[in-house]
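A.B. asks: Can you keep this structure in mind? I'll have questions shortly.
The values are calculated or read from the model by the stated rules, or taken from the named source; none is laboratory data. Keep in mind it's a predicted model, so treat the numbers as computed, not measured. Cβ: placed from backbone, ideal geometry, glycine included. Neighbour counts: every protein chain shown. Please note that ligands, DNA and RNA were not included when accessible areas were found on the heavy atoms of the full protein model with its side chains. Shrake-Rupley method; radii C 1.70, N 1.55, O 1.52, S 1.80 Å.
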Amino acid sequence: MPVYDVTGVRHAGTRGTDLDNSRNPVADLWRNKDNIQKELRIFGNAYAEVDILENLTAKTSFGIDYITFNFRDYIIRDIESAESRGSNSLRSINNFEYTWTWFNTLTYNATINDIHQFNFIVGIEAIDDYYETFDASRTNFASDHIKNRYLSGGTGVQTNNGGASDWSLASEFAKLNYSLSSKYLLEGTIRRDRSSRFSPQHSVAYFPAVSAGWVFSEEGFAEGLKPWLDRAKLRVGWGQTGNQEIGYYNPFTIYSTNPITSFYDLNGSRTSSIPGYELTQFGYPNAKWETTTTTNVGLDLNFLSGKFDLAVDWYNRVTSDMLFPVSAPLTAGVASVPFQNIGSMRNRGIDLALGYHGQAGGDLTYNIEGNFSTYRNEVTKTTGDANTQYFGINDERIQNFVVTQQNHPISSFFGYTIDGIFQTDDEAAAAPVNNLGTNQNKAGRFIFRDVSGPNGVPDGVINTRDLSIIGNPHPDFTYGITVNVNYKNFGLTLFGQGVSGNEIFNYVKYWTDFPTFAGNRSTRMLYESWRPGQTDAVLPKLTSSDQVSILPSTYYLESGSYFRFKNIQLQYTLPRTLVSKAGLTSVRIYVQGQNLITITDYSGMDPEINLRNYTAGNDRVAGSSSYATGSDRQLGVDGGAYPASKQYLVGLNLTF
């Protein structure tokens, strides 16, 4: 379960990061075996429905999601520092959060002359969320015994912190559905949203939508197609949706107090300090709703007596007023940056789904369903010129390596292009001068490509002007397949999915392939680093002071294509004549495996990283009590996240 610190940053519960190899993991598991995290969650929904008139219905529903979280994180006194005062410590964390949703609708249905069917819905929706955290810590415990692991058991300085955050959303909406003879379909929606996350002058936004359908298989001209065409429907739609994911307090400049960074010894006594405040978030009150406008055309077919299903969709999705955290100039100070509206982007693609339902004899039935999807993403406009760049990840260790720029896909990879390794000093001497560091033009060093100079052509010098867009995290296409086979009482289900053509920025290599930090290293660094005569090396010559080879480059890029069997299940249903004797309706036994087989060339732990967030979408941002959002700004970065686990399940399903 997650753990939040005083600033609101969410952690994994154990110390260190996914890439922290400085401690013995087995020892850490033992030392943390009693650090149990406890979470109590209560959620549910209640509703009431009343028929006011014959065709008029009122419905109200109220839902609540309440969570309490408690965690005592005790750092045991280890052998290495057993004699150090304060080497053991306890941190006690208590959080709670609730979210309630209140939904009310009025629905009216009407039918005129048996061919005109109307459905009207009007309603309101309200959502409110509140989160509060408290934690305290203390050091120097005389005993590590589990019964002494309470704050009062320590003799060191005790600290405590707390904070809270909240947000709300209120909406009104109306919807009309119309059907003429079940052949001509029309739907219209209008929604008004008001969010507390924007400043009052920008909190309100309207989002309309309209769609139409034509069941042309019911027309007279389709009679000749009836022997093979069962049903055919053409769909057209246009609509808008909004995005408010900018954190909770984006409009406001926030200050906080911290004994370490904002208390000052103004009197010069060096024995006392005066509490002060420091800037922790820049405010931006002019941010407004991000709007996505989608136009789609679709076709649904069912033919050959229900054996085949086909659905095809083409869509064009334009996102305007894109919300993006824009960096502030360094002269403004160091603090969390606010979201601003920076431009627009377009996603254009095709979705295809095809299914076949077959039978062989009387006992064998099977269904095969496949889907295929492809899209192309492009940032069409930004508030600056075509060269304006917005960076999604700013890591001081490896610099910016994910960029959003006009005329390119969002979250493109940014860095240097590597053209191999110098094999001789003569080869290095003839190459462009490398000004990124000293002694770079030597045998065993990376060959950096001279991309551009002042006139857009190679200038014979390697410097920061040679940074460019080097990769794309967006796949050429995604696909999936589902197979269901049933024979008598046996059933087999197979489900697999994959992507093709995307790239992954393997950030893990930064720690494992270069001698930059202390800790474990990859076997690739041991066997594939350059040495005289090893012309097939993939890594440069090992040098402890090398701060150039680690720069963001094509070395970190790998193919992210894969196919994974997500689910395989075999089941057996006992005969009814047998289970009925026990008073049961049915008994089903099954064995199931998840994520058992993955076909990929990716060297990392899991190529499916492209479908996950680099930072979880609901992680609270340090110092701002708000949520980090926008996983599409940092796609395809493998920072060492845990891979999807293989699971083996054996189950028994009883129906009474």
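A.B. asks: Which residue, of 261, 253, 241, is closer than 30 Å to residue 351 by Cβ and of a type in the set (Ser, Thr, Tyr)?
C.D. replies: Unique residue meeting the criteria: 241.
A.B. asks: Please identify the pairs in which a residue from segment 169-194 that is closer than 11 Å to residue 209 by Cβ has its Cβ atom under 6 Å from the Cβ atom of a residue that is open to solvent by 40 Å² or more (accessible area, probe 1.4 Å) and among the basic types (Lys, Arg), counting only partners at least 6 apart or on another chain.
C.D. replies: Final answer for the pair search is 173/191; 189/175.
A.B. asks: Quick check on this structure: which one of 259, 285 is assigned to a loop (DSSP other than H, G, I, E, B) and at pLDDT 95 or above?
C.D. replies: Checking each option against the conditions leaves just 285.
A.B. asks: Checking the conditions here, which among 139, 133 is in contact with a Phe, Trp or Tyr (Cβ under 8 Å, 6 or more places away or on another chain) and either farther than 25 Å from residue 190 by Cα or of a type in the set (Lys, Arg) (or both)?
C.D. replies: Matching residue, one of 139, 133: 133.
A.B. asks: A follow-up question, please. Quick check on segment 221-236. Is at least one of its residues part of a loop (DSSP other than H, G, I, E, B) and in contact with a Leu (Cβ under 7 Å, 6 or more places away or on another chain)?
C.D. replies: Checked segment 221-236: at least one residue is part of a loop (DSSP other than H, G, I, E, B) and in contact with a Leu (Cβ under 7 Å, 6 or more places away or on another chain).
A.B. asks: Hey, another quick one. What are the residues in segment 352-372 that are of a type in the set (Val, Ile, Thr) and open to solvent by less than 60 Å² (accessible area, probe 1.4 Å), if any?
C.D. replies: Residue satisfying the conditions is 365 alone.
A.B. asks: While we're here: Pairs, please: C-beta under 6 Å, at least 6 apart or cross-chain, first residue closer than 15 Å to residue 486 by Cβ and in segment 563-577, second open to solvent by 50 Å² or more (accessible area, probe 1.4 Å) and outside any strand (DSSP E or B)?
C.D. replies: As it stands, the answer is 572/489; 573/489, since those pairs meet every condition given.
A.B. asks: Identify, please: which residue in segment 110-159 is more than 30 Å from residue 62 (Cβ to Cβ) and of a type in the set (A, V, I, L, M, F, W, C) and is, among those, surrounded by the most Cβ atoms within 10 Å (Cβ to Cβ)?
C.D. replies: 141
A.B. asks: Same structure, new question: Every residue in segment 253-264 that is aliphatic (A, V, I, L, M) and either closer than 18 Å to residue 167 by Cβ or open to solvent by less than 40 Å² (accessible area, probe 1.4 Å) (or both), please.
C.D. replies: 254 - this is the single residue of segment 253-264 that is aliphatic (A, V, I, L, M) and either closer than 18 Å to residue 167 by Cβ or open to solvent by less than 40 Å² (accessible area, probe 1.4 Å) (or both).
A.B. asks: Got a number for residues in segment 39-74 being part of a strand (DSSP E or B) and open to solvent by 70 Å² or more (accessible area, probe 1.4 Å)?
C.D. replies: Of the residues in that region, 14 qualify.
A.B. asks: Please go through segment 425-441 and give me each residue that is part of a loop (DSSP other than H, G, I, E, B) and free of Cβ contacts under 8 Å to residues at least 40 places away in the same chain, ordered by number.
C.D. replies: 430, 431, 432, 435, 438, 439, 441, listed by residue number.
A.B. asks: If you check 580, 603, which single one turns out to be surrounded by fewer than 17 Cβ atoms within 10 Å (Cβ to Cβ) and in a helix (DSSP H, G or I)?
C.D. replies: Going through 580, 603 in turn, just one is surrounded by fewer than 17 Cβ atoms within 10 Å (Cβ to Cβ) and in a helix (DSSP H, G or I): 580.
A.B. asks: Okay, next question. Report, by residue number, each residue of segment 135-183 that is hydroxyl-bearing (Ser, Thr, Tyr) and in contact with a strand residue (DSSP E or B) (Cβ under 6 Å, 6 or more places away or on another chain).
C.D. replies: 137, 139, 159, 165, 168, 171, 178, 179
A.B. asks: So which residues in segment 510-536 are open to solvent by 20 Å² or more (accessible area, probe 1.4 Å) and either under 30 Å from residue 477 (Cα atoms) or polar (S, T, N, Q) (or both)?
C.D. replies: 512, 516, 520, 522, 523, 534, 535, listed by residue number.
A.B. asks: Still on this structure, please answer the following. Does residue 327 satisfy the condition of being open to solvent by 50 Å² or more (accessible area, probe 1.4 Å), touching a residue at least 12 places away in the same chain (Cβ under 8 Å) and under 24 Å from residue 404 (Cα atoms)?
C.D. replies: yes
A.B. asks: Given (1) open to solvent by 30 Å² or more (accessible area, probe 1.4 Å); (2) aromatic (Phe, Trp, Tyr); (3) touching a residue at least 60 places away in the same chain (Cβ under 8 Å); (4) not in a strand (DSSP E or B), where does residue 479 come up short, assuming only one miss?
C.D. replies: (4)
A.B. asks: Something else: Given the residues 280, 292, which is the only one that is of a type in the set (S, T, N, Q), open to solvent by less than 50 Å² (accessible area, probe 1.4 Å), at pLDDT 95 or above and part of a strand (DSSP E or B)?
C.D. replies: 292
A.B. asks: Step by step: first the residues of segment 382-392, then only those that are surrounded by 16 or more Cβ atoms within 10 Å (Cβ to Cβ) and not hydroxyl-bearing (Ser, Thr, Tyr), then the one that is nearest to the chain's Cα centre (by Cα). Which residue is that?
C.D. replies: Among them, the one singled out is 392.
A.B. asks: Something else now. Being touching a helix residue (DSSP H, G or I) at 6+ places or on another chain (Cβ under 6 Å) and modelled with pLDDT under 85 is the filter here; which residues of segment 6-51 pass it?
C.D. replies: Listed by number, the list holds a single entry, 19.
A.B. asks: I've got another one for you. Can you tell me which residue among 539, 557 is modelled with pLDDT of 95 or more, buried (at least 18 other Cβ atoms within 10 Å of the Cβ) and touching a helix residue (DSSP H, G or I) at 6+ places or on another chain (Cβ under 9 Å)?
C.D. replies: 539
A.B. asks: Ok, one more. So which residues in segment 486-527 are modelled with pLDDT of 95 or more and part of a loop (DSSP other than H, G, I, E, B)?
C.D. replies: If the condition is that a residue be modelled with pLDDT of 95 or more and part of a loop (DSSP other than H, G, I, E, B), then 501, 502 are the ones that fit.
A.B. asks: Can you tell me which of 267, 250, 286, 243 is open to solvent by 50 Å² or more (accessible area, probe 1.4 Å), under 24 Å from residue 319 (Cβ atoms) and not hydrophobic (A, V, I, L, M, F, W, C)?
C.D. replies: Just a single option satisfies the conditions, and that option is 286.
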